Amino acid sequence: MYTVADYLLDRLKEIGIDEIFGVPGDYNLQFLDHITAREDLEWIGNANELNAAYMADGYARTKGISAFVTTFGVGELSAINGLAGSFAENVPVIEIVGSPTTTVQKNKKLVHHTLGDGNFLHFEKMHEEITAAIAHLTAENALSEIDRVLTIALSEKRPVYINLPIDVAEFEANRPLKPLSQTSEKLTAVETAILNKVEKALSQANNPVVIAGHEILSYHIEQELDEFIQKFNLPITTLPLGKSAFNEEDPHYLGTYSGSTTEEPLKSRVDTADLVLLLGAKLTDSATAGFSFGFTDKQIISIGSTEVLFYGEKSEAIPLDRFVSALATLSFSRYADEILPVKRISDQEINDEKLTQKQFWKMVETFLIPGDTVIGEQGTSFFGLTSVALKKEMHFIGQPLWGSIGYTFPSALGSQLANKASRHLLFIGDGSLQLTVQELGTALREKLTPIVFVINNNGYTVEREIHGATEQYNDIPMWDYQKLPLVFGGTSQTVATYKVTTTIELDEVMKTARKDTQRLQWIEVVMDQEDAPELLKKLAKIFAKQNS
Ligand code: TPP
C-alpha cells in the first residue's frame, strides 16, 4: 500500500534529499521503516537531536535542502536550538516530528513525552517563531500540507516543521501527480521597478562596491552573482557572514570586509564608495565588528530575501534569486578603475618554537586548495579564518549570526556527506567540541574523511578576550583529545590522530593529512590560552563595550 509516509519521502527525494538524519522514538519508528525500506534513501542515526539538527543544517548548506526526524516533545525540543540557527541564517531544513496517534491526541490522553495536560500543541507552537511554516498532518490535509510547506522551504530558504501523527503516516495516499510547483520566470512589476532603480544608481555611481552576504549561499546563486560582476567589471567584497559567496581568487574580489577591523586599503575603499550595493547581506555585529562599518544609509542599496532598502527607506521585498539572476540583464557602463588585489600570504616561518595563532592561520591559508570546504567554529577559529584568503571553488561554512558553539562539528559532517568529493577542513575550539563531540561516532561509522583541527588552548579563549581572562568559568576540563577517536569506535583503518605544538610539526602533519584521503584526520593543535587572532582581539574589545 502507498502511504502518506511514502508520499512525503518521494517528495523529499524529488527535491534532492538522499540522506535523512535523526533519532528514533516510539512516535516515529514506523515512519523510519519507510525510510530503511528504500534503496534510494539512507537513514543517518545521530547521537542526539541537537546534533541531528546541526548536521542537517550543514547538509542543506551544501546540498540545498535537508530533512531530519525527531520524536515528539523530548526529541524536537532538544533540536530547537539547531533549527533556530537554520532560521536565523536562512538554511532550508525540514524537521519531521513523529507524534502520538490522532485518537490519542483527540482524547487528550496523558501519554509520555507530554506535559501531562492533554495538550498536544505546546511544542508545535514553540516552533512558530523559528520556522517559515508548520504543518500538522491529518488524513484529509496530509498531501497538500506536505506540498505547501516544502514549497515554502524551497522558496524562502528557511526551516519548516511537519507534525506527523504516527497513524497518519500509515494512511493510504495517492502518488504525486506532478512535481512541486516552480515559480514563474517572468519578473513582476515590483521586481522590474527595483531593478530599474538599481540600474540607475549603478549608472550614476563613480566608485561603487558590491557586498555579498550569506543569502547568496542560501540561494546557491554564486554563479548568477559572478555573471553580473564579470559583465560590469565591478569590485566586490563579502562579509564574514557570507564568506565564499564570491570566488576569492577572482581579480574583482577585494577581500573580506569586517567593519573597522578591516585592513587598509580595503576598509577605505568600501567606506568611501559612493554606492554600496548589499546583496543578500546583513550588517550584523559579528560581521561588522560591532556595527563599525564606515558607510551610512546614504550610500546603501540593500537587496535581501526579506528586506529591500534604498538609502534607508524600505521597499517591498522580492525573491532574491530572481533578482540576482536578472542583474546581468541591466545596462550601464562597465566600471573602469583599478580594483585592489587581495593580499595573500607570502612569508612563512617554519621553526620548532611554540605555535602561535598568527603563524597557524598563515599556514592554513597556504594549506588550502581549490575545491576544499572550510568550516570555522565561533571562537578563535572563525575569526582566524575571516582573514584567510580562500581559493577558487571553495565553500565556507560558519554560523556567526546565530553563533551556537558546537554547531560546526555535526555541520561539517553533514556537509561532507552532501559533497564527498570536496575535502572538508574543520577548525574547532576545544570548548566548542566538548558540546557536540558525540557525533564523532557517526563520522567514523559513516567513514567520513574530513580533516579536523581541534584547537586545544585550554578553554574559552574568545570569552577570555571579552571578559574574565583568568576566571574559572572560562576554563574547561582538559580532555585527552588523542584518545577520543578510539573511544568513539575509530580504528587505524578509519582515523589518523596527531598532536602538534610547533610549526615544524604542523607543516609535516598538514602534508601527511592532505595525502591521506581515505581516513578521518584528527589533529590536535596546541596553542596558548591567551593567544588569539588580531581580528578577534579588536572585536572582543568592541563586544565588551557593547555589553557595558
Ligand atoms: N553556549 C552556546 C551554545 N553558544 C555560545 N556562543 C556560548 C555558549 C558562548 N560562547 C561563545 S564562544 C564560547 C562560548 C562559551 C567559547 C568557545 O571556546 P572554544 O571553542 O574553546 O574556542 P576558542 O576561542 O578557545 O578557540
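The values are calculated or read from the model by the stated rules, or taken from the named source; none is laboratory data. Bear in mind the structure is a predicted one, so any value in this text is a computation, not a measurement. Cβ placement follows ideal geometry from the backbone for every residue including glycine, while neighbour counts extend to all protein chains displayed. Only protein heavy atoms, including side chains, enter the accessible area calculation; ligands, DNA and RNA are left aside. Shrake-Rupley method; radii C 1.70, N 1.55, O 1.52, S 1.80 Å.
Within segment 73-102, take every residue that is open to solvent by less than 10 Å² (accessible area, probe 1.4 Å) and among the polar types (S, T, N, Q) and give me the one that is nearest to the ligand (Cβ to nearest atom).
86
Filter segment 491-523 down to the residues that are closer than 18 Å to residue 447 by Cα, within 27 Å of the chain's Cα centre (by Cα) and not basic (Lys, Arg) and list them by number.
Of everything in segment 491-523, those that are closer than 18 Å to residue 447 by Cα, within 27 Å of the chain's Cα centre (by Cα) and not basic (Lys, Arg) turn out to be 494, 495, 496, 497, 513, 516, 517, 518, 520, 521, 522, 523.
Would segment 129-141 turn up any residue that is among the acidic types (Asp, Glu), buried (at least 17 other Cβ atoms within 10 Å of the Cβ) and over 30 Å from residue 327 (Cβ atoms)?
no
Can you tell me how many residues in segment 417-447 are away from the ligand (no atom under 13 Å from the Cβ), closer than 14 Å to residue 47 by Cβ and touching a strand residue (DSSP E or B) at 6+ places or on another chain (Cβ under 9 Å)?
Residues in segment 417-447 being away from the ligand (no atom under 13 Å from the Cβ), closer than 14 Å to residue 47 by Cβ and touching a strand residue (DSSP E or B) at 6+ places or on another chain (Cβ under 9 Å): 6 in total.
Looking only at residues that are within 15 Å of the ligand (Cβ to nearest atom) and more than 14 Å from residue 61 (Cα to Cα) in segment 389-401, which one is most open to solvent (accessible area, probe 1.4 Å)?
Only one residue tops the list, namely 401.
Which pairs have Cβ atoms under 8 Å, sit 6 or more apart or on different chains, and link a residue in segment 526-543 that is in the same structural domain as residue 456 (by TED's automatic domain parsing) and more than 12 Å from the ligand (Cβ to nearest atom) to one that is assigned to a helix (DSSP H, G or I) and of a type outside the set (S, T, N, Q)?
From residues that are in the same structural domain as residue 456 (by TED's automatic domain parsing) and more than 12 Å from the ligand (Cβ to nearest atom), the pairs are 534/358; 535/383; 535/384.
For segment 226-261, which residues satisfy the criterion of being crowded, with 24+ Cβ neighbours inside 10 Å and either of a type in the set (Lys, Arg) or under 17 Å from residue 322 (Cα atoms) (or both)?
Within segment 226-261, 243, 245 qualify.
Please state which one of 381, 346 is surrounded by 19 or more Cβ atoms within 10 Å (Cβ to Cβ) and small (Gly, Ala, Ser).
381
Could you tell me which numbered condition residue 434 fails, if it satisfies all but one of (1) open to solvent by less than 20 Å² (accessible area, probe 1.4 Å); (2) in a helix (DSSP H, G or I)?
Here residue 434 meets the rest and fails (1).
I'd like to verify a number: residues in segment 133-187 that are more than 28 Å from residue 25 (Cα to Cα) and of a type in the set (Val, Ile, Thr), how many?
The number of residues fulfilling the criteria is 1.
Consider segment 468-504. How many of its residues are assigned to a helix (DSSP H, G or I), under 27 Å from residue 397 (Cα atoms) and within 11 Å of the ligand (Cβ to nearest atom)?
1
Looking only at segment 193-228, which residues are free of Cβ contacts under 8 Å to residues at least 60 places away in the same chain and under 20 Å from residue 318 (Cβ atoms)?
193, 196, 200, 222, 223
Of the residues 414, 406, which is near the ligand (Cβ under 10 Å from one of its atoms) and either at pLDDT 95 or above or closer than 24 Å to residue 474 by Cβ (or both)?
406 is the lone residue from the list that is near the ligand (Cβ under 10 Å from one of its atoms) and either at pLDDT 95 or above or closer than 24 Å to residue 474 by Cβ (or both).
Tell me, please, whether a residue that is under 30 Å from residue 221 (Cβ atoms), touching a strand residue (DSSP E or B) at 6+ places or on another chain (Cβ under 6 Å) and outside any loop (DSSP other than H, G, I, E, B) can be found in segment 117-127.
Checking segment 117-127: not a single residue is under 30 Å from residue 221 (Cβ atoms), touching a strand residue (DSSP E or B) at 6+ places or on another chain (Cβ under 6 Å) and outside any loop (DSSP other than H, G, I, E, B).
Any residue that is open to solvent by less than 10 Å² (accessible area, probe 1.4 Å) and away from the ligand (no atom under 11 Å from the Cβ) - is there at least one of those in segment 458-467?
No: segment 458-467 contains no residue that is open to solvent by less than 10 Å² (accessible area, probe 1.4 Å) and away from the ligand (no atom under 11 Å from the Cβ).
Any idea how many residues of segment 99-130 are touching a Leu at 6+ places or on another chain (Cβ under 7 Å) and among the hydroxyl-bearing types (Ser, Thr, Tyr)?
Going through segment 99-130 one residue at a time, the tally reaches 1.
I'd like to know if segment 453-464 contains one or more residues that are over 25 Å from residue 366 (Cβ atoms), assigned by TED's automatic domain parsing to the domain that holds residue 430 and either modelled with pLDDT under 95 or in a helix (DSSP H, G or I) (or both).
yes
Considering only residues that are of a type in the set (Ser, Thr, Tyr) and within 16 Å of the ligand (Cβ to nearest atom), look in segment 365-382 and name the one that is farthest from residue 462 (Cα to Cα).
381
Looking only at residues in segment 448-457 that are within 16 Å of the ligand (Cβ to nearest atom) and under 29 Å from residue 56 (Cβ atoms), which one is surrounded by the fewest Cβ atoms within 10 Å (Cβ to Cβ)?
Going through the qualifying residues, I end up with 456.
Looking at this structure, is residue 272 under 30 Å from residue 152 (Cα atoms) and among the polar types (S, T, N, Q)?
Criteria not met by residue 272.
Would you point out which residue out of 536, 506 is over 16 Å from residue 351 (Cβ atoms) and open to solvent by less than 80 Å² (accessible area, probe 1.4 Å)?
536
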